[in-house]
């Protein structure tokens, strides 16, 4: 478990997941680099649902925001989901807004793997995202 310097939360470091990233039709990931963001913030991410009428989704034209890619002190990149903090037993816990319907970890890991894979693809094409990743790795 890695400690998040921004809010003190612990999050598992990303390790290759046995679950293959899903093939997602009708959705894409957008990344935004924050120049004045917290020290280890790699990028913020959102899932954008396509507006293509062929998709036929009630989510078409919407975006789900609040995802973030963080760099651990070891240089590993991991994804956090939008969440809400709450007190529990004298400590602080986090309730992720995006969860699987059956409570299993597999779908959540698959979404995180999809976001990381998309980041790798887009950062290889985008000099701004690649520069952010390089800057983080040179600090560690």
For residue 99: the one exception among (1) surrounded by fewer than 16 Cβ atoms within 10 Å (Cβ to Cβ); (2) closer than 17 Å to residue 29 by Cα: (2)
If you check every pair at least six apart or on different chains, which have Cβ atoms under 6 Å apart with a residue in segment 20-42 that is at negative phi and assigned to a loop (DSSP other than H, G, I, E, B) first and a residue that is exposed (fewer than 15 other Cβ atoms within 10 Å of the Cβ) and modelled with pLDDT under 85 second? 33/128; 38/6
Taking segment 62-112 and the residues there that are assigned to a strand (DSSP E or B), in contact (Cβ under 8 Å) with a residue 40 or more places away in the chain and over 17 Å from the mean Cα position of the chain (by Cα), the one that is nearest to residue 32 (Cα to Cα) would be 85
Residue identified as touching a strand residue (DSSP E or B) at 6+ places or on another chain (Cβ under 7 Å) and under 12 Å from residue 119 (Cβ atoms) among 45, 60: 45
Would you point out the residue of segment 119-140, among those that are under 16 Å from residue 70 (Cβ atoms) and at pLDDT 85 or above, that is nearest to the chain's Cα centre (by Cα)? 119
Are any of the residues in segment 11-19 surrounded by 12 or more Cβ atoms within 10 Å (Cβ to Cβ), at pLDDT 70 or above, within 18 Å of the chain's Cα centre (by Cα) and assigned to a strand (DSSP E or B)? no
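The values are calculated or read from the model by the stated rules, or taken from the named source; none is laboratory data. The structure displayed is predicted, hence computed values, not measured ones. Heads up, the Cβs are rebuilt from the backbone with ideal geometry, glycines too, and the neighbour counts pull from every protein chain shown.
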